[in-house]
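*Asks:* This is the structure I want to talk about, given as structure tokens.
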Amino acid sequence: MFENYSIPPKTYFEIASFGYLSVLYLISFYDPDRNKIRSYTLFRNLELNMLLALIVSVLTYIFAFPELGTPIPVCLILRTMDSVLCVMASRTFSIYLMEYIDTKGKVKVISFIGNILFTTYIILMILNLFFKFVLWFTPEGIYMHGPLFVPIVFSTPVYYMSSCILMLILSIRNLGVRERVSLSVASFVTLFGIIIQAATNGILLLSLPFGSIGIFVLYFSIETSDYHQLLWNIEKLRIAEQDAIKANHAKSDFLANMSHEIRTPLNAVLGMDELILLETEENNKPNPSLIDHIREYAFNIKEAGEVLLSVINDILDLTKIESGKMEISPAPYNLHTLTDNIETMMRIRAEQKGLSYIQKIDSSIPDHLIGDELRIRQIVINLLGNAVKYTDFGEVELDITMGNKDPDSLTLIFCVKDTGIGIRKEDLPHVFDAFQRIDEEHNHKIEGTGLGLSIVQRMAALMNGDVSVTSEYGKGSAFTVSIPQRIDRDYKGESSIKNSLKHSELFTFITPDARFLVVDDNRLNLVVAKRFLDGLEGTIETAKSGEEALGKMRTEKYDMIFMDHMMPGIDGIETLKLSLKDTDNLNRETPIIMMTANALSGMREEYISQGFTDYVSKPIELKELLRIVNLHLPKEKIK
Ligand code: ADP
């Protein structure tokens with residue numbers, strides 16, 4: 001049945017183009033990396049469109065002839081499809097090119113006009129099937145061009161190609177040399193093919209073969225995987241550079257902020273100290289209100305010292321978390337003791353600022369839990385501290401509820417709400433970033449380091465918990481922390497952690513016959529340690545250096561020695577070693593306790609392995625100091 005049909009010579013270019021374009025399509029068939037680049041997907045659409053157009057064109061010039069036996073409607077449909085696919089190919093080409101050179105919004109206008117044009121073109125081609133004003137066949141089977149053939153079938157692709165060439169010229173400065181050359185060559189070649197085909201009234205079928213050459217140029221110049229890889233690497237470098245700049249800014253801001261935070265309380269400490277020295281100068285006239293003044297200065301020094309300590313603790317905590325050295329130590333504790341403790345502390349702070357403090361606890365939560373009470377307390381106090389800090393009127397509320405309960409465990413949920421300044425929606429994702437304070441233009445008067453929430457989040461994560469925040473700018477915020485805890489099923493009636501006791505209540509024993517030696521080069525530390533140990537009513541001696549301590553250890557027998565680590569001359573560890581070698585030392589059996597600010601985890605074991613009996617961290621907590629004395633002092637000295 002096909003004996004009438006033959007392949008006309010004028011389609012040879014198209015057949016050749018079909019051959020090499022198919023090979024190109026296969027080469028670029030699948031490349032997951034390159035698919036990340038949008039222009040590449042459009043490029044593959046263009047290849048596919050061109051292949052379809054080529055097939056249909058060749059089929060049209062073989063079969064669309066009624067005189068050879070093909071029914072007229074089939075011929076008409078083939079001719080229509082041939083035209084539609086050619087126009088579509090030029091449109092896909094222009095979309096590809098415009099995406100590539102995308103300039104501020106201009107492309108959108110051009111593609112909008114292009115879309116209207118294409119829709120109109122398709123409608124006209126459908127109408128043409130009935131009204132024959134573009135292309136048609138006479139009843140005798142002769143192919144005819146209607147009056148609108150040239151304006152519609154040729155001017156549409158010419159519009160696409162010339163508008164994208166115009167865009168290319170306008171945006172040429174934004175492109176690299178390689179892109180400029182290849183995009184220009186490809187589009188001019190394609191346009192040239194369309195024009196020749198139109199000028200020869202279809203005697204030369206060159207629009208699709210020239211378009212295919214354009215595609216070839218594009219593929220081997222800017223759509224190759226090497227070039228894409230290069231672009232991709234440049235993009236990654238650009239992102240990395242931006243991240244580095246951002247991190248650097250954050251660190252610089254942090255340093256500036258931190259020096260301010262440290263300098264302010266330090267100035268207060270030094271200023272107050274100066275005043276004390278001035279007022280107690282020997283030749284000063286006795287001043288009756290001297291004691292009151294000194295008390296006030298001392299109180300100010302205490303406040304400033306606490307601020308300073310909390311800043312330094314934050315830095316230490318973050319460093320510990322970042323270096324993976326923060327350990328979570330689960331132990332049995334009493335939830336109510338913890339929450340009462342938090343309430344006592346926070347109610348005062350809130351009320352001092354004129355805020356009401358509300359604390360609610362779900363009474364069905366078991367009271368005896370196992371977890372790291374200290375860290376939970378730190379998290380909740382941090383959130384409540386922020387709530388008070390960032391609220392000027394209204395209230396601060398802590399709600400404690402429970403989620404996911406089973407016989408052995410539950411999730412504790414702490415929700416801290418405030419009616420404060422709130423956080424902008426766009427800032428919410430950054431509140432937990434380390435070193436970052438947000439909304440600085442409004443918050444610069446409020447002191448802070450930008451570390452608190454980051455510590456909260458990381459600490460919660462260490463306990464397998466998480467933190468979230470909701471906020472309405474100007475109205476208030478709500479931070480929610482969920483932390484899984486085990487239920488203390490072995491609890492037999494007495495809380496394992498003692499309730500927080502008042503200063504005097506902590507001294508449940510005395511050691512009037514005990515002799516203590518405290519070794520520290522810092523005079524203040526000696527004063528603090530002495531003051532704490534005073535309550536035990538024993539004898540306390542001090543030494544300001546390792547050398548002095550060694551001398552005292554030869555003349556006195558002590559029941560317990562507290563030793564600082566870092567001291568000028570011989571340090572604490574060296575002093576211990578020398579004392580153990582010293583045959584005149586009367587204290588070779590005496591418990592020696594390391595007393596240091598080196599609070600990193602694992603230090604206790606380290607000091608014990610060096611020969612110390614135990615370890616207390618500075619700043620010293622009275623409760624901890626008494627625990628150590630009780631544990632290591634000979635029992636007959638404890639009353
Ligand atoms: P800072 O030491 O600055 O308070 P944080 O890490 O605790 O650092 O908090 C980070 C930022 O989050 C703060 O600078 C503040 O802008 C914002 N923020 C934290 N808590 C609140 C809150 N309760 N209300 C409003 N803003 C808050």
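Matching residues to (1) among the aliphatic types (A, V, I, L, M); (2) farther than 24 Å from residue 312 by Cα:
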site: 576; (1), (2): yes, yes
site: 580; (1), (2): yes, yes
site: 607; (1), (2): no, no
site: 611; (1), (2): no, yes
site: 625; (1), (2): yes, no
site: 629; (1), (2): yes, yes
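*Asks:* OK, next. What residue, of 172, 194, 215, 123, is of a type in the set (A, V, I, L, M), surrounded by fewer than 20 Cβ atoms within 10 Å (Cβ to Cβ) and at pLDDT 85 or above?
*Replies:* Working: 172 fails: at pLDDT 85 or above; 194 fails: surrounded by fewer than 20 Cβ atoms within 10 Å (Cβ to Cβ); 215 fails: surrounded by fewer than 20 Cβ atoms within 10 Å (Cβ to Cβ).
None of the others qualify; the one that does is 123.
*Asks:* Can you tell me which residue is nearest to the ligand (Cβ to nearest atom) among those in the stretch 393-411 that are closer than 30 Å to residue 354 by Cβ and touching a residue at least 60 places away in the same chain (Cβ under 8 Å)?
*Replies:* 394
*Asks:* Oh, and also: Which is in contact with a Leu (Cβ under 7 Å, 6 or more places away or on another chain), assigned by TED's automatic domain parsing to the domain that holds residue 20, over 26 Å from residue 21 (Cβ atoms) and part of a helix (DSSP H, G or I), of 78, 129?
*Replies:* 129
*Asks:* What number of residues in the stretch 565-593 are touching a residue at least 12 places away in the same chain (Cβ under 8 Å) and among the charged types (D, E, K, R)?
*Replies:* Adding up the residues that qualify gives 5.
*Asks:* So which pairs qualify, if the first residue must be in the stretch 612-636 and surrounded by 14 or more Cβ atoms within 10 Å (Cβ to Cβ), the second must be aromatic (Phe, Trp, Tyr), the Cβ gap must be under 6 Å, and the two must be at least 6 apart or on different chains?
*Replies:* The qualifying pairs are 615/607; 622/532; 625/532.
*Asks:* Return the residue satisfying two criteria in turn: it lies in the stretch 428-445 and is near the ligand (Cβ under 7 Å from one of its atoms) and closer than 20 Å to residue 391 by Cβ, and of such residues it is modelled with the highest pLDDT.
*Replies:* Checked the stretch 428-445; the qualifying residue modelled with the highest pLDDT is 431.
*Asks:* Moving on to the next point. Is it the case, given these coordinates, that residue 383 is within 12 Å of residue 339 (Cα to Cα), outside the structural domain of residue 313 (by TED's automatic domain parsing), in contact with a Phe, Trp or Tyr (Cβ under 8 Å, 6 or more places away or on another chain) and at pLDDT 90 or above? Please lay out each step first, then the result.
*Replies:* Details: within 12 Å of residue 339 (Cα to Cα): no; outside the structural domain of residue 313 (by TED's automatic domain parsing): yes; in contact with a Phe, Trp or Tyr (Cβ under 8 Å, 6 or more places away or on another chain): yes; at pLDDT 90 or above: yes.
Against the criterion (within 12 Å of residue 339 (Cα to Cα), outside the structural domain of residue 313 (by TED's automatic domain parsing), in contact with a Phe, Trp or Tyr (Cβ under 8 Å, 6 or more places away or on another chain) and at pLDDT 90 or above), residue 383 does not qualify.
*Asks:* Oh, and also: Take the stretch 513-534 and flag every residue that is touching a residue at least 60 places away in the same chain (Cβ under 8 Å), surrounded by fewer than 20 Cβ atoms within 10 Å (Cβ to Cβ) and assigned to a loop (DSSP other than H, G, I, E, B).
*Replies:* Once the filter is applied, which keeps residues that are touching a residue at least 60 places away in the same chain (Cβ under 8 Å), surrounded by fewer than 20 Cβ atoms within 10 Å (Cβ to Cβ) and assigned to a loop (DSSP other than H, G, I, E, B), the stretch 513-534 yields only 513.
The values are calculated or read from the model by the stated rules, or taken from the named source; none is laboratory data. The shown structure was predicted, so the numbers you read here are calculated from the model rather than taken from an experiment. Cβ atoms come from the backbone with ideal geometry, glycine included; neighbour counts cover every protein chain shown.
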